[in-house]
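Student: Sharing a structure below in structure tokens format, with a few things to ask.
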């Protein structure tokens, strides 16, 4: 039995008709009628009598109606009490720059709306720095894509991202590549890459493809790296979220077709016993925010890991 079925049933009795109740509840009449039928089936009892003038409760339905009203009042009271005893505390969260480009602002907004009394500290840094802060207990949570995260006691997969070749659409070396390209076809593309984080995965992909990348610049720092791409100094290989920091009308984003051209974000946290109630709540909001961004198409090339 679902809570919405109780609400549907009570409102139908109060308004005396499925059509009127459906309009009031903002659902289509057929969906409302289906839920009411399921409720009757589950209880093995006829609750409603339908007539030309509407619906009315049977004797069993009236008895159920009185108890359903009481149950809904208790639920509403519980919600009100929970909202009045609002969660508070401090939470520190770390994100690498590519993840923060898409996730940081929506997450901060979701936390502000859901838990306004929780003080959140957000740290944007490279994964190596975030690992050190997490180990030193300076962070409660962190999003990391170091493969070692899978061995951490508090690690769960969060988001898998496809990788893209990203550069100015006017770059001659990008002409004719289409919307998908294999690593082996990038040997003549001038690349601007970092030396940490994603670099190991990129080097391994080129090695598997049997070719050597043409690296024209190494830059540790996503902002400067993307500035170099924006200036036409070369293309780069990054997840789709990184393109959100670039002008969309002048940048080409070409998916790398190799099946291993993926990056897994791990959500790392201290052990549950070490996390405050505020940190536990922040972790739930983080996952729900990531899911919302993916389902609404606002996180390019990302897939949520359901656990």
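Student: When P(r) over Cα pairs in 10 Å bins from 0, in percent is calculated directly from the model, which label among (1) 6, 21, 22, 17, 15, 12, 7, 2, 0; (2) 7, 32, 39, 20, 3, 0; (3) 6, 26, 30, 23, 12, 4, 0 fits?
Tutor: Here the calculated entry is (1).
Student: In addition: Rounded if a/c is under 1.5, else prolate if a/b beats b/c, else oblate: with a ≥ b ≥ c from the C-alpha gyration tensor eigenvalues square-rooted, which is the stretch 156-267?
Tutor: It comes out rounded by the Cα gyration axes.
Student: Rounded to the nearest 0.05, what FRET efficiency do residue 228 and residue 4 have when you use their Cβ-Cβ distance and R0 = 41 Å?
Tutor: 0.15
Student: Among 45, 236, 289, which comes first, then next, by fewest other beta-carbon atoms within 10 Å?
Tutor: Placing the least packed residue first, the sequence is 45, 289, 236.
Student: Nearest 10 degrees, 0 to 90: what angle lies between the long axis of helix 199-209 and the longest principal axis of the chain (Cα atoms)?
Tutor: It works out to around 70 degrees.
Student: Between residue 56 and residue 109, how high is the FRET efficiency from 1/(1 + (r/R0)^6) when r is the Cβ-Cβ distance and R₀ = 41 Å? Nearest 0.05.
Tutor: 0.35
Student: Once you order the gyration tensor axes a ≥ b ≥ c over the Cα atoms, which shape class does the stretch 212-299 get: rounded for a/c under 1.5, otherwise prolate or oblate by comparing a/b with b/c?
Tutor: prolate
Student: Another question, then. Arranged by the count of other C-beta atoms within 10 angstrom, fewest first, what order do 268, 254 take?
Tutor: 254, 268
Student: Only bridges with both residues in the stretch 87-307 count here: give the DSSP antiparallel percent, nearest 5.
Tutor: Antiparallel bridges: around 60 percent, rounded to the nearest 5.
Student: Let me have the relative contact order for the chain, percent, based on Cα pairs under 8 Å that are six or more residues apart.
Tutor: In percent, rounded to a whole number, it is 22.
Student: Mind jotting down the distance between the C-alpha centroids of the stretch 220-253 and the stretch 176-191, whole Å?
Tutor: Each part reduced to its Cα centre gives a spacing of 16 Å.
Student: Ok, one more. Please compute the modelled spin-label separation between residue 128 and residue 76, points set 7 Å along Cα→Cβ, answer in nm with one decimal.
Tutor: Here the answer is 5.9 nm between the modelled labels.
No value in this document is a laboratory result; all are computed from the given coordinates. What you see is a predicted model; the values in this text were computed from it and never measured. Counting neighbours? That spans all protein chains shown, and the Cβs are built from the backbone with ideal geometry, glycine included.
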